[in-house]
Amino acid sequence: MVFTMGVLDKWRFCPICGEAIEKHADRVECKACGYVGYANSVPGAEAVCFDDGGRVLLGRRACDPGAGLWDLPGGFLHEDELPVDALRREVHEETGLELELLDFLGHWLEPYDGRIVLCLAWAARASGEARAADDLVEVRWFEPDELPPPGELAFTHYPDVLAAALGRPYARS
């Protein structure tokens, strides 16, 4: 059994007026001023980046969750940012690479820091010189048949994303 703490679970007082709040399964309410806060999921964008030889780029995470594990380049959308714009920005910030989008692979839900992230994933051709920056301590190009096992990947949906990008089941061992 897995228990997660929701983003609103730690809230005790209204961020507007400071009065005590009432907790519900999906929201908090302040009876004093009428404020209602929801624990909405957050959107993220990620890419399976291929080089011209068909290798896949992964980065080793610098921080938790998943510090030291292999990660797909990507990240959270800024407010009012389109998913594709966020994807290009995040990949460039983390790796220095530019992207040519190939295919939209799908969407996955991933628990992350007390919230659920709606992960939108693309296959992309990457150009430029890959370098580790921002949230990564290392980047590495992998041959598709030499990708790390699922236990070395930062998030549980990554085997499914990689399988969608590669067009074949991901090795589960």
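Counting only DSSP beta bridges with both residues in segment 42-166, what percent are antiparallel, rounded to the nearest 5?
So the antiparallel bridges in segment 42-166 amount to around 70 percent.
Compute the separation of the alpha-carbon centres of segment 148-165 and segment 24-54 and state it in Å as a whole number.
About 21 Å separates the Cα centre of segment 148-165 from the one of segment 24-54.
Where in the chain lies the longest segment free of trypsin sites (Lys or Arg not before Pro) that are both loop residues by DSSP (not H, G, I, E, B) and have at most 10 other Cβ atoms within 10 Å?
Longest stretch, sites excluded: 13-171.
Based on C-alpha coordinates, I'd like the Rg and Dmax of the chain, in Å.
Reported Rg and Dmax, both Å: 18.6, 62.
Taking the chain as a Gaussian network, Cα atoms linked when under 10 Å apart, which of GLU22, GLU98, GLU90 shows the biggest mean-square fluctuation?
GLU22
Taking C-beta distances below 4.7 angstrom as the pairing criterion, name the unpartnered cysteines of the chain, in sequence order.
If one checks each Cβ against the other cysteines of the chain, CYS49, CYS63, CYS119 turn up with nothing under 4.7 Å.
Report the Cα-based extents of segment 21-87 along its three principal axes, largest first, to the nearest Å.
Each principal axis gives a Cα extent; for segment 21-87 these are 61, 27, 17 Å.
Bear in mind these aren't lab numbers, they're just calculated from the coordinates by the rules spelled out. Remember, predicted model here, so these are calculated numbers, not experimental data. Virtual Cβ from ideal backbone geometry, glycine too; neighbours counted across all protein chains shown.
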